[in-house]
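Below: one structure, written as structure tokens.
The values are calculated or read from the model by the stated rules, or taken from the named source; none is laboratory data. Every value quoted in this text rests on a predicted model; they were computed, and no experiment measured them. Ideal geometry is used to build each Cβ from the backbone, glycine not excepted, and the neighbour counts take in all protein chains shown. SASA here: full protein model, heavy atoms, side chains in, ligands and nucleic acids out. Shrake-Rupley method; radii C 1.70, N 1.55, O 1.52, S 1.80 Å.
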Amino acid sequence: MPLRLFILFSLLLTTGCLVAQVPLPPSNVVAKGYESHIAVSWQASISANISSYKIFRATDGSNFEFLKNVSATTLSITDWTGDEGQNLNRCYQIQSIGQGGQESTFTSSVCANTQIMSDEALLDMVQEQTFRYFWEHAHPVSGMARERLNSGQTVTTGGSGFGIMSIVVASERGWITRDAAVNRLLQIVSFLQVADRFHGAYPHWMDGTTGNTIAFSQKDNGADLVETAFLIQGLLAARQYFDQNTALEKALRDVIKGIWEDVEWDWFRKNNGNVLYWHWSPNYNWEMNFPLRGFNETQIVYLLAAASPTHGVPGSLYQTGWTSSNYANNSIHFGNKVYCGPFGGGPMFFAHYSYLGFDPRPVKDAFCNYFIRNRNHALIQHAYSVANPKNYPGYSGEAWGLTACDGPNGYSAHDIYPSNDDGTISPTAALASMPYTPDQSIAAMRHFYRILGQNLWGEYGFYDAYNLNQNWFADSYLAIDQGPIVVMIENYRTGLLWKKFMLNPEIQPALTALGFQPDNTVGINENLLEKNGLDLAVYPNPVASNGVLNLEVSILKAQTIALTLLDNKGQLVQIFTPQKAMPVGVHTLSFPLNNVPKGVYFLEINGQTFEKWSKKILIIND
């Protein structure tokens with residue numbers, strides 16, 4: 001090549017590269033201060049070929065120093081300040097970095113202050129940050145929830161149901177507009193209309209662009225009735241929430257109705273059998289062979305199957321299927337009865353997934369009230385962590401919760417059964433138990449954030465799990481663990497998802513068909529508990545004259561109590577206990593009745609921190 005042509009070519013190439021490598025800075029930089037961290041977010045630079053962003057921080061408002069470098073796909077950071085003190089002011093600037101290392105100008109500086117946060121403010125922070133997993137990390141085509149952080153095209157059916165309920169919460173709390181929520185849900189249900197279905201049921205995983213099935217295992221490559229039920233639970237709650245008479249909300253309700261009515265719950269009886277089955281495959285038919293028998297996380301399947309207006313199943317399947325196999329568990333751990341389920345209640349998610357929409361408080365079946373069962377389950381896990389029989393570091397009354405989650409040795413289910421506890425605690429276990437154990441769950445929230453937050457808090461709230469025994473913290477998020485945090489905290493605070501799901505007209509008749517009855521044993525009067533230091537639930541009520549009277553006593557201060565039974569004239573009928581030492585907590589007591597005649601009676605309780613108190617009891621003949 002002649003020298004002059006080489007020089008000209010080199011100049012053109014060099015100049016072109018320089019121009020291409022000068023990027024614009026990002027835009028709309030926002031900093032928001034919390035108690036122990038500042039969240040910084042921005043919109044991506046409009047320039048092509050951005051390789052990364054550099055973040056600079058000033059602790060005095062003017063002298064900026066390099067803080068960190070993040071990838072071009074990262075649009076937010078968490079600047080942890082917990083060990084630097086309180087009421088801090090921090091300012092930030094950002095540069096875009098091109099592929100050739102060329103630096104943009106700095107953005108304008110943005111500043112934020114940290115501040116002490118109340119429990120309510122912490123709850124707001126945890127819910128909103130966790131919700132962002134379903135809003136910002138959702139699949140861009142389908143809007144469905146990705147199975148886990150960075151799972152690419154893989155979206156999850158059940159996790160999307162949890163995410164839909166999180167979007168309802170976000171709309172109600174104003175983190176997003178109602179219109180934005182409706183548009184996202186229309187994106188999701190439009191995808192669901194064309195995605196793979198097998199007798200109306202969706203697979204566990206799908207490709208978020210095509211809707212094609214992604215096999216969960218070789219033979220699990222078709223319908224997953226449990227994941228479908230978790231999805232439908234979320235859709236039905238959304239159907240009741242988005243009730244305005246607008247074209248878009250009416251369209252949303254209509255599509256949800258079609259998806260709901262298309263599920264062939266009765267098909268999953270496998271030739272009209274007496275139990276529902278979890279899976280069906282177009283290639284392997286029923287070879288997975290997993291009948292749905294309780295107790296585990298799948299109770300909602302039977303409720304929705306009985307509620308279906310188009311493909312309903314007989315309510316009797318609840319007895320012949322769900323409760324048919326060694327269902328009852330009358331063992332007691334740390335003073336709390338299990339009622340049903342495996343040793344100690346099982347992994348904590350058993351008390352979450354079916355109860356994100358289904359409100360278990362006002363009803364009971366032949367075995368128990370499931371709010372009480374789930375509350376006891378959480379209390380058992382909390383007490384286990386306090387006792388810490390395996391002497392794991394970090395277990396305490398503030399650090400508890402064993403469930404299915406990521407761990408140092410991979411994904412596994414954890415509970416209090418000795419071989420199932422390897423020291424891995426997952427925040428979702430305690431936080432999603434908040435309706436059952438608010439004090440213990442809020443204490444865990446404070447601990448996870450204030451003590452462990454530097455390693456446990458990230459872009460979408462708390463990471464999935466940690467294990468101090470192995471000095472391990474997850475860097476992962478899972479849809480099925482994030483969703484229950486948002487939803488169950490909201491059910492604790494307002495009951496929103498419980499209210500909306502239970503408003504569906506199909507639900508109450510289905511509960512009746514399954515054999516559920518109204519029950520008033522739940523509903524501790526928190527104001528009364530705060531005032532008197534005591535609350536008392538009695539069941540069954542009415543009770544047979546020679547039956548067993550069960551009491552759940554909630555005590556705020558350790559003391560000695562006396563329990564007696566009086567007739568309606570105030571005359572003593574039976575002494576249950578003249579003196580009984582009661583520590584702080586919720587306690588289950590049982591007393592046989594000595595053939596007490598039919599009538600109205602009063603259970604009287606005397607203690608040291610409250611006035612004499614009584615509760616009406618109706619006694620009937622056998």
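Evaluating Asn504 against the criteria (1) more than 15 Å from Ala378 (Cα to Cα); (2) touching a helix residue (DSSP H, G or I) at 6+ places or on another chain (Cβ under 7 Å); (3) free of Cβ contacts under 8 Å to residues at least 60 places away in the same chain; (4) surrounded by fewer than 23 Cβ atoms within 10 Å (Cβ to Cβ) leaves one unmet condition, (3). Which is in contact (Cβ under 8 Å) with a residue 60 or more places away in the chain, out of contact with any Asp or Glu (no Cβ under 8 Å at 6 or more places or on another chain) and aliphatic (A, V, I, L, M), of Ile372, Ile332? On inspection, the qualifying residue turns out to be Ile332.
The residues of the stretch 155-177 that are touching a residue at least 12 places away in the same chain (Cβ under 8 Å) and either touching a Cys at 6+ places or on another chain (Cβ under 8 Å) or not hydrophobic (A, V, I, L, M, F, W, C) (or both), listed by number, are Thr156, Thr157, Gly158, Gly159, Ser160, Gly161, Gly163, Ser166, Ser171, Glu172, Arg173.
Ser412 meets the conditions (1) open to solvent by less than 40 Å² (accessible area, probe 1.4 Å); (2) within 30 Å of Met144 (Cβ to Cβ) in every case but one. The failed one is (1).
Restricted to the stretch 86-104, and to residues there that are open to solvent by 30 Å² or more (accessible area, probe 1.4 Å) and more than 24 Å from Gly461 (Cβ to Cβ), the residue that is nearest to the chain's Cα centre (by Cα) is Asn89. Please enumerate the residues belonging to the stretch 116-146 that are touching a helix residue (DSSP H, G or I) at 6+ places or on another chain (Cβ under 9 Å) and more than 30 Å from Gln187 (Cβ to Cβ). Met117, Asp119, Glu120, Leu122 - these are the residues of the stretch 116-146 that are touching a helix residue (DSSP H, G or I) at 6+ places or on another chain (Cβ under 9 Å) and more than 30 Å from Gln187 (Cβ to Cβ). Given the criteria at pLDDT below 95 and surrounded by fewer than 20 Cβ atoms within 10 Å (Cβ to Cβ), does Asn271 qualify? For Asn271, the condition - at pLDDT below 95 and surrounded by fewer than 20 Cβ atoms within 10 Å (Cβ to Cβ) - is met. For the stretch 217-236, the set of residues classified as touching a helix residue (DSSP H, G or I) at 6+ places or on another chain (Cβ under 9 Å) and either within 17 Å of Ile188 (Cβ to Cβ) or open to solvent by 10 Å² or more (accessible area, probe 1.4 Å) (or both) consists of Glu227, Thr228, Ala229, Phe230, Leu231, Ile232, Gln233, Gly234, Leu235, Leu236, listed by residue number.
For residues that are under 19 Å from Asp83 (Cβ atoms) and free of Cβ contacts under 8 Å to residues at least 40 places away in the same chain, tally how many sit in the stretch 24-38. Total satisfying the criteria: 0. Residue pairs whose Cβ atoms lie under 7 Å apart, sitting 6 or more positions apart in sequence or on different chains, and linking a residue in the stretch 449-472 that is at pLDDT 95 or above to a partner that is of a type in the set (Val, Ile, Thr) and in a loop (DSSP other than H, G, I, E, B), are Ala465/Thr424; Asn467/Thr424. Looking across the stretch 316-345, the residues that are small (Gly, Ala, Ser) and surrounded by fewer than 19 Cβ atoms within 10 Å (Cβ to Cβ) come down to Ser316, Ser324, Ser325, Ala328, Ser331, Gly335.
Among the residues making up the stretch 568-611, those that are surrounded by 15 or more Cβ atoms within 10 Å (Cβ to Cβ) and over 43 Å from the mean Cα position of the chain (by Cα) are Val573, Gln574, Val596. Looking at Trp205, Trp286, just one residue is under 24 Å from the mean Cα position of the chain (by Cα), open to solvent by 20 Å² or more (accessible area, probe 1.4 Å) and of a type in the set (A, V, I, L, M, F, W, C), and that residue is Trp205.
Looking at Val301, Val313, just one residue is outside any helix (DSSP H, G or I) and either open to solvent by less than 10 Å² (accessible area, probe 1.4 Å) or under 18 Å from Ala229 (Cβ atoms) (or both), and that residue is Val313. For the stretch 316-357, a tally of residues being over 30 Å from Glu490 (Cα atoms), at pLDDT below 95 and part of a helix (DSSP H, G or I) returns 0. Among residues of the stretch 129-154 that are acidic (Asp, Glu), those with a beta-carbon under 7 Å from a residue that is open to solvent by 10 Å² or more (accessible area, probe 1.4 Å) and modelled with pLDDT of 95 or more at least six positions away or on a different chain give the pairs Glu147/Thr154; Glu147/Trp205.
Which residue, of Ala121, Ala170, Ala181, is in a helix (DSSP H, G or I), surrounded by fewer than 18 Cβ atoms within 10 Å (Cβ to Cβ) and on the phi < 0 side of the Ramachandran plot?
Details: Ala170 fails: surrounded by fewer than 18 Cβ atoms within 10 Å (Cβ to Cβ); Ala181 fails: surrounded by fewer than 18 Cβ atoms within 10 Å (Cβ to Cβ).
Among Ala121, Ala170, Ala181, only Ala121 is in a helix (DSSP H, G or I), surrounded by fewer than 18 Cβ atoms within 10 Å (Cβ to Cβ) and on the phi < 0 side of the Ramachandran plot.
Among the residues of the stretch 443-484, just one is within 14 Å of Glu35 (Cβ to Cβ) and β-branched (Val, Ile, Thr), namely Ile451. The set of residues from the stretch 377-397 being open to solvent by less than 40 Å² (accessible area, probe 1.4 Å) and hydrophobic (A, V, I, L, M, F, W, C) comprises Ala378, Leu379, Ile380, Ala383.
State which residue is nearest to Arg375 (Cα to Cα) when the search covers only the stretch 415-439 and only residues that are part of a loop (DSSP other than H, G, I, E, B) and under 10 Å from the mean Cα position of the chain (by Cα).
Filtering first and then ranking leaves Ser433.
Here the helices (runs of 4 or more DSSP H) wholly within the stretch 478-569 that include at least 1 residues being at pLDDT 95 or above are 479-493, 496-502, 507-514.
Considered as a group, the residues in the stretch 139-156 that are open to solvent by 10 Å² or more (accessible area, probe 1.4 Å) and part of a loop (DSSP other than H, G, I, E, B) include one that is farthest from Phe462 (Cα to Cα), and that residue is Val141.
Could you identify the single residue in Ile480, Ile485, Ile442, Ile489 that is within 21 Å of Met117 (Cα to Cα), touching a residue at least 24 places away in the same chain (Cβ under 8 Å), of a type outside the set (Ser, Thr, Tyr) and open to solvent by 10 Å² or more (accessible area, probe 1.4 Å)? Explain how you work it out, then say what you get.
Numbers: Ile480 fails: within 21 Å of Met117 (Cα to Cα); Ile485 fails: open to solvent by 10 Å² or more (accessible area, probe 1.4 Å); Ile489 fails: open to solvent by 10 Å² or more (accessible area, probe 1.4 Å).
Criteria check complete, one pass: Ile442.
The condition of being of a type in the set (Ser, Thr, Tyr), open to solvent by less than 50 Å² (accessible area, probe 1.4 Å), under 29 Å from Glu490 (Cβ atoms) and part of a loop (DSSP other than H, G, I, E, B) holds for only one of Thr74, Thr130, that being Thr74. Taking the residues in the stretch 346-376 that are touching a strand residue (DSSP E or B) at 6+ places or on another chain (Cβ under 6 Å) and within 17 Å of Asp421 (Cβ to Cβ) as candidates, determine which candidate is surrounded by the most Cβ atoms within 10 Å (Cβ to Cβ). My answer is Pro347. Determine, yes or no, whether Gln240 is open to solvent by 10 Å² or more (accessible area, probe 1.4 Å), under 25 Å from Trp498 (Cβ atoms) and part of a helix (DSSP H, G or I). Yes: the conditions hold for Gln240. Would a scan of the stretch 382-390 turn up a residue that is in a helix (DSSP H, G or I), farther than 25 Å from Gly294 by Cα and within 21 Å of the chain's Cα centre (by Cα)? For the stretch 382-390, residues in a helix (DSSP H, G or I), farther than 25 Å from Gly294 by Cα and within 21 Å of the chain's Cα centre (by Cα): present.
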